[in-house]
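Engineer: Structure in structure tokens, see below.
Coordinate-derived values only; no laboratory data. Because the structure is predicted, anything quoted here is derived from the model rather than measured. Note that we place each Cβ from the backbone using ideal geometry, even for glycine, and neighbour counts take in every protein chain shown.
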Amino acid sequence: MSLLEPLHRQRIAQKVGGHQSGRTLDQYFYADEAVYQAELDAFWRSGWLFAGHSCQVAEPGDYFVYKVAGDEILILRDDEGRVRASHNVCRHRGSTLCQDPAGHIGRIVCPYHQWTYGRDGQLLACRGMGEDFDKSEYRLKPVHLEEVNGLIFVSLAAEPMPFDAARAEMAPQLAPQGFDRAKVAKIVDYTIPANWKLVWENNRECYHCNANHPQYIKANFDHYNADDTTERVRTAITSATAKQEDRWAAQGLAATHTATGMCVFPDAANKIWFAANRTPLVDGYVSETMDGRQVAPLMGDYQAPDVGTLRMRTLPNFWNHSSCDHCVSTRLTPLGHFATEARVIWLVDRDAKEGVDYRLEEIMPFWQLTSEQDWELCELAQRGVTSSGYQPGPLSPVKEYNVMGFLKWYLDVLGTWAGKTPGAVD
Amino acid sequence: MSLLEPLHRQRIAQKVGGHQSGRTLDQYFYADEAVYQAELDAFWRSGWLFAGHSCQVAEPGDYFVYKVAGDEILILRDDEGRVRASHNVCRHRGSTLCQDPAGHIGRIVCPYHQWTYGRDGQLLACRGMGEDFDKSEYRLKPVHLEEVNGLIFVSLAAEPMPFDAARAEMAPQLAPQGFDRAKVAKIVDYTIPANWKLVWENNRECYHCNANHPQYIKANFDHYNADDTTERVRTAITSATAKQEDRWAAQGLAATHTATGMCVFPDAANKIWFAANRTPLVDGYVSETMDGRQVAPLMGDYQAPDVGTLRMRTLPNFWNHSSCDHCVSTRLTPLGHFATEARVIWLVDRDAKEGVDYRLEEIMPFWQLTSEQDWELCELAQRGVTSSGYQPGPLSPVKEYNVMGFLKWYLDVLGTWAGKTPGAVD
Amino acid sequence: MSLLEPLHRQRIAQKVGGHQSGRTLDQYFYADEAVYQAELDAFWRSGWLFAGHSCQVAEPGDYFVYKVAGDEILILRDDEGRVRASHNVCRHRGSTLCQDPAGHIGRIVCPYHQWTYGRDGQLLACRGMGEDFDKSEYRLKPVHLEEVNGLIFVSLAAEPMPFDAARAEMAPQLAPQGFDRAKVAKIVDYTIPANWKLVWENNRECYHCNANHPQYIKANFDHYNADDTTERVRTAITSATAKQEDRWAAQGLAATHTATGMCVFPDAANKIWFAANRTPLVDGYVSETMDGRQVAPLMGDYQAPDVGTLRMRTLPNFWNHSSCDHCVSTRLTPLGHFATEARVIWLVDRDAKEGVDYRLEEIMPFWQLTSEQDWELCELAQRGVTSSGYQPGPLSPVKEYNVMGFLKWYLDVLGTWAGKTPGAVD
């Protein structure tokens, strides 16, 4: 704990209390280094973080490493086929264990002094420590992990908040998509020169879509928020939904969001940091691709391509847009107060063959372009909010209600953290 | 405000009080990050900063952006032909507005959500904010601007100090040079790895000139300070001045500095942070060029080339050396405690055509070489003053009186800032 | 002094007190910036630092610069042939004096205003400072220097701790190697992305050798620590020692370490931060080269190649491994909390001619490979100890006793520093 942490907690609490509803955040939350340190604690070492997809560790011994908040989390499938997470740190002298970002291992042998751990994290060998040495006290430090229908979430918290409600909400929505029978088609990593909150603020409204996302708006209804919504738009959504209703029902699917605007998310009052829903695409679009056509084999349980689009999101670091034939997951990781890593992962059915059943140039552009357009907007916002010319601005009640919701959730979590008595000086 | 700011103010005040006149600064002023933060407040967000030349925004809609102290100041000529300054920040979500360093715009349209401002800064359109929204409350946040004979000064202060005395001093000196009828021939940006004060300390004495500025000393008298001044030098200045007196008088010009050494500047006791004067060049030089020849058409009101040299300087960030045929402005901007940006701008008459009336290789070398020689010396000083082997050294009373003057002014401004009660925690 | 230094001293003292013997350090010592600042004071501006070899400044006027802890130390041989150290900083405006990392100078002329110093540091000339100016008050600020048989140590302390015991220990061991009759064959500089303490912890045990140093273990016994030591190994050491005893005695040499494992070093209780000893190499090795053969002319007083290996080390920044025909010195310099510079210097007899008497590709690989293998391990340790998954781990009593010794010495020095009343606010 920093020497000044108690004072910083006071100030954070004061600033949280001073927030004016309906407006953007005070500059303090984007610029003060103490806030970033608090966020690491309150969000990134406490919340449930999306780490990756189960299919990235398909076989026992497969692993990947997720670097977040200064830690390296080793995600590894054990011999019983269970996915486990632990710190990628030897219990002896602290050396990093697995050096590659992803790979396959038998036992985990520390490169430094060859302490050896099983895939379940048990310390198996440590020559030179003497006969009395109790190996059972030195298993790899575990990290909490929850797997839900092919998605892996981890938490660095000592006692994470319950995952049950998130599972209950997401599992039924996720099931037909077949994430557990998918494979990674492509991963692209970005460094966005912007605070992670600005990335979410961008994500939580489509006020900016009409001018900035020419591809997205061709496929989706949700850029016509509230005051833009004409009878024509309302009718189009209703018509698109109606057309699909029978076929969806036959597949056991349901449209869970058919209103104009984005579905409400998150909801601080009810501790809702997760959401999943299915919504129709515009007429003529069966996949979020450049021309709306299906470009890869159907995934999961789908029997026909017109399943609309499945959307998921969990705070603080994940969203996904899934079509009938491919899925696109985005994982955020803060790299400091002024930069955020975004990993974008494209998935297809595990049996689909690149170049035969699908081509990257067909499945990637829609979300690659849309993502990169957003990163540029986030960068422009970052440049501005750190200026002395910035002051909290007014949010549109009809177009930015979800930005207000995000800020409310953020301030609620941060304020709760600030109000707690910090741990004793450690 | 930083949590420790009150304590830092106390320490700054104490350190200012401990300065020993006639010596260089304590290392603290070059090395402590709190000093840099204080300087941003006391000098860079308070003083009048040279931003650029009016001819850089010749037509309505022309703009350039000056980035300083974390801010982006948008300098734009409005439809009435008036130059205005405002923060380059949208009042909605804080996005940066004009993304290029310079350009031409009709209305100012925010790239994020298309809020639209007039060239005068008025908010004209912001769809989605509802009928009741009062646009008049959201004009671009203005920045104070003063234009004096083609030079643009800005101040980020809420209530800047008066500009009148500076205008009164500079306007008559500037008038014949015709800055308002000039054009930019070339801009070169440098990053000097040195504290901005070291750049000024270098600028405020010519003790270093004889060994380091072979070009400069051929054209100028002022490297012969005091104890170097022989009867021969004194006679040469008098003779050069006398020769020009009649012709200057005919042009309405006057030599305002004809003594040996540099004219005294700044003057903390009298709040003098600005200066302008005309001084003769050595015999045979009519322009600060490599061989002293005129290399571009006469500027402004000049009717003959032998007008000596016009010199201006304003603290904390500007100096200019003007000859009959071209001008060279230098604008300083701190990039942190250990680096300073220097922008050097060469101007000629607006009707002069490159390659026909002037050539860059003739107008640039004199001040380009002299500037770059200085930047190297500043870098060497920076390396030394942050060493534990550094301690304040003695200044020459006959060669470094202006360094003493600069330090006095600096400590006066900083000490005043430190003595004020800081604003309430914001 | 930082505003919070008194509080940081308290916390350091508390953390030192909380160290659990037999375990690695608390993360705090690797990660808190205040600890690094304290270390600069307690170790790097207080201790005796190896700077380089006397043969690097063979002639009067030869110099090199050692940059450490923000300072530049100028090491220069004066006209009387004595090696001197001073700050490479002009007493006038603080400019850096000698700009190259090494070279030859007559007088020291400051590039800024040409203040001129003799090779003994006396200020000889400073035009413009007036008749009354007392030059004797402005000699270059000296740095303490001790030379011992061709090795140069410096201390930035105002009053360094005594060097006598170190000299008494090292001089007799060093003498036959002939460092004073050597020359530099090669210098390689590395930046290790690891805290300097991790580099020492790596250096102070050979637990990691068997798996990581295939070259080293072929030549040396000391990777067979304690529990690995079989009767066969014990016999081999005894046999190797016995074989050499007569010939060593004839040369006036003695094996000072012939036990298994590494000789004990350092020893906080007895203030021992220096060590030197001679130990046998394995049968068939007369030099630490890839195949054990002699690859350069004998150095110093040696009359036969089988002199074993001479090993020296001084804290906080030096170790050396010397064979009959070449020596390898390693000098550490912290570049911050998370990086360390390592300079590795290969020496041979001064009369040996490259390409004729020795070849770099024969004298370099053994220690170049071993060093680079270690740097990689240090980097892995650094990545781990800053993770929240790190906690102090158990050290092997039979293989890591010298790591314990190093940590004890480190905590002793740091704790003493923390317990002192800091200087008044300066």
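Engineer: With point charges of +1 on the Cβ of Lys and Arg and -1 on the Cβ of Asp and Glu, referenced to the Cα centre of the stretch A:150-292, which listed residue (A:Asn195, A:Pro280, A:Phe179) lies farthest in the positive direction of the dipole?
Structural biologist: Projecting each Cα onto the dipole axis, the largest value belongs to A:Phe179.
Engineer: Pull up the cross-link candidates among the lysines for C:Lys243, meaning alpha carbon to alpha carbon under 30 Å and not fewer than 8 places away within one chain.
Structural biologist: Excluding near neighbours in sequence, the set is C:Lys218, C:Lys399.
Engineer: Shielding of A:230-239 by partners, i.e. mean partner chain Cβ atoms within 10 Å per residue?
Structural biologist: 0
Engineer: While we're looking at this one, here's another question. Mind checking which of C:Ser21, C:Gly52, C:Gln37 is farthest towards the positive end of the stretch C:1-69's charge dipole, using Cβ charges of +1 (Lys, Arg) and -1 (Asp, Glu) about the Cα centre?
Structural biologist: Most positive-ward Cα: C:Ser21.
Engineer: Here's a follow-up. What number, in percent, do you get for the relative contact order of the stretch C:89-235 if the mean sequence gap of Cα pairs under 8 Å and at least 6 apart is divided by its residue count?
Structural biologist: About 11 percent, as a whole number.
Engineer: May I ask you to report, in nm to one decimal and beginning with the shortest, the distances from B:Arg359 to the same position in the other copies, taking label points 7 Å along Cα-to-Cβ?
Structural biologist: The answer, with the shortest distance listed first, is 5.5, 5.5 nm.
Engineer: Would you compute the Debye intensity of the stretch B:367-426 from its alpha-carbon atoms alone, equal scatterers and no solvent, and pass along log10 I(q)/I(0) at q = 0.15, 0.17, 0.23 Å⁻¹ to two decimals?
Structural biologist: Log-scaled intensity ratios, in q order: -0.75, -0.88, -1.09.
Engineer: With the Cα gyration tensor of the stretch B:172-327 giving a ≥ b ≥ c as the square roots of its eigenvalues, does the rule (a/c under 1.5 for rounded; else a/b larger than b/c for prolate; else oblate) give rounded, prolate or oblate?
Structural biologist: Working: a/c = 1.40, a/b = 1.11, b/c = 1.26.
Verdict is rounded for the stretch B:172-327.
Engineer: Oh, and also: Taking the Cα centre as origin and putting +1 on Lys and Arg beta-carbons and -1 on Asp and Glu beta-carbons, what dipole magnitude results for the stretch B:363-426, to the nearest 20 debye?
Structural biologist: The calculation lands at about 260 debye.
Engineer: Okay, moving on. Only helical DSSP H runs with n ≥ 4 go in: add -39500 (n - 2.57) per run for chain B, normalise by residue count and round the 222 nm mean residue ellipticity to 500 deg cm²/dmol.
Structural biologist: -8000 deg cm²/dmol
Engineer: Within 10 Å of each residue's Cβ, count the other Cβ atoms and sort C:Asp26, B:Asp132 from fewest upward. It would help to have the intermediate numbers written out before the result.
Structural biologist: Numbers: C:Asp26 20, B:Asp132 5.
Arranged by neighbour count, lowest to highest, C:Asp26, B:Asp132 become B:Asp132, C:Asp26.
Engineer: Now for a separate question. Tell me the distances, shortest first, between C:Gln20 and the same position across the other copies, using label points 7 Å along Cα→Cβ, in nm to one decimal.
Structural biologist: Values, ascending and in nm: 5.3, 5.3.
Engineer: If you take the square roots of the eigenvalues of the alpha-carbon gyration tensor of the protein assembly as shown and sort them as a ≥ b ≥ c, do you get rounded (a/c under 1.5), prolate (a/b over b/c) or oblate? Please list the in-between numbers first.
Structural biologist: Working: a/c = 2.08, a/b = 1.00, b/c = 2.07.
Judged from the Cα gyration tensor, the protein assembly as shown comes out oblate (a/c at least 1.5, b/c at or above a/b).
Engineer: Let me ask you something else. What order do you get for C:Arg232, A:Arg127, C:Arg93 when you list them from fewest to most C-beta neighbours inside 10 Å? Intermediate results must be reported in sequence, preceding the final value.
Structural biologist: Working: C:Arg232 8, A:Arg127 15, C:Arg93 29.
Fewest-to-most Cβ neighbours within 10 Å comes out as C:Arg232, A:Arg127, C:Arg93.
Engineer: Straight-line reach from C:Lys408: which aspartates and glutamates have a Cα under 12 Å away, not including same-chain ones fewer than 8 places off?
Structural biologist: Partners within reach: C:Glu201, C:Asp267.
Engineer: Right, something else. Under the rule that a partner needs its Cβ under 4.7 Å from the first Cβ, which Cys of chain A have none?
Structural biologist: When partners are defined as cysteine Cβ atoms under 4.7 Å apart, chain A leaves A:Cys55, A:Cys98, A:Cys126, A:Cys263, A:Cys324, A:Cys327, A:Cys378 without one.
Engineer: With +1 on the Cβ of every Lys and Arg and -1 on the Cβ of every Asp and Glu, and nothing else charged, how large is the dipole of the protein assembly as shown about its Cα centre, in debye rounded to the nearest 20?
Structural biologist: It works out to roughly 1120 debye.
Engineer: Considering every residue in C:390-402, what mean count of other chain Cβ atoms within 10 Å of its Cβ is obtained?
Structural biologist: Values: counts 9, 5, 3, 9, 10, 4, 8, 3, 3, 5, 5, 0, 0.
Per residue, the number of nearby Cβ atoms from other chains is 5 on average.
Engineer: Still on this structure, please answer the following. Past 27 Å, Cα to Cα, is the threshold; run B:Lys197/C:Lys141; A:Lys15/A:Lys67; A:Lys15/B:Lys197 against it and keep the listed order.
Structural biologist: A:Lys15/A:Lys67; A:Lys15/B:Lys197
Engineer: Next up: Would you tally the net charge around C:Glu372, using a Cβ to Cβ cut-off of less than 13 Å, leaving C:Glu372 out, and scoring K and R as +1, D and E as -1? Display every interim value, and only then the final one.
Structural biologist: On the way: positive: none; negative: C:Asp189, C:Asp374, C:Glu376, C:Glu379.
My count for the surroundings of C:Glu372 gives -4.
Engineer: Let me ask another. Describe numerically, in nm with one decimal, the distance between label points set 7 Å from Cα along Cα→Cβ at A:Tyr190 and at C:Phe338.
Structural biologist: According to this spin-label approximation, the distance is 2.4 nm.
Engineer: With an 8 Å Cα cut-off and a minimum separation of 6 or more residues, compute the relative contact order for the stretch B:1-109 in percent.
Structural biologist: For the stretch B:1-109, the relative contact order is 16 percent.
Engineer: A follow-up question, please. Order of C:Met404, C:Met161 from fewest to most other C-beta atoms within 10 Å? Mind showing how you got there, number by number?
Structural biologist: Details: C:Met404 18, C:Met161 14.
Ordered from fewest to most neighbouring Cβ atoms within 10 Å, C:Met404, C:Met161 come out as C:Met161, C:Met404.
Engineer: Based on the Kirkwood radius over alpha-carbon pairs, what is the Stokes-Einstein translational diffusion coefficient of chain B at 37 °C with 0.692 mPa s viscosity, in µm²/s? Let's see the in-between values first.
Structural biologist: Details: Rh = 23.1 Å.
Answer, rounded: 142 µm²/s.
Engineer: Tell me whether the stretch C:266-389 comes out rounded, prolate or oblate; compute the Cα gyration tensor, take square roots of the eigenvalues as a ≥ b ≥ c, and use a/c under 1.5 as the rounded threshold.
Structural biologist: Details: a/c = 2.19, a/b = 1.66, b/c = 1.32.
Here the stretch C:266-389 falls in the prolate category.
Engineer: Using label points projected 7 Å from each Cα along Cα→Cβ, tell me how many nm separate A:Arg232 and C:Lys141, to one decimal.
Structural biologist: 7.7 nm
Engineer: Looking for one value pair here: nearest-to-axis residue in chain A (by Cβ) for the rotation onto C, and the distance in whole angstrom.
Structural biologist: Closest Cβ to the A-to-C rotation axis, residue and whole-Å distance: A:Leu4, 5.
Engineer: Given H placed on each backbone N at 1.01 Å, which residues far from C:Asp62 in sequence or on other chains put an amide H within less than 5 Å of it?
Structural biologist: Under 5 Å from the amide H of C:Asp62: C:Arg77, C:Ile105.
Engineer: Continuing with the same structure: List the distances, in nm and shortest first, from the label point of C:Ala125 to the matching label points in every other copy, placing each point 7 Å from Cα along the Cα-to-Cβ direction.
Structural biologist: Counterpart label points of C:Ala125 in the remaining copies fall at 7.3, 7.3 nm.
Engineer: Assign unit charges at the C-beta atoms only (+1 for Lys and Arg, -1 for Asp and Glu), then state the dipole size of chain B relative to its Cα centre in Debye, rounded to the nearest 20.
Structural biologist: In debye, rounded to 20, chain B gives about 420.
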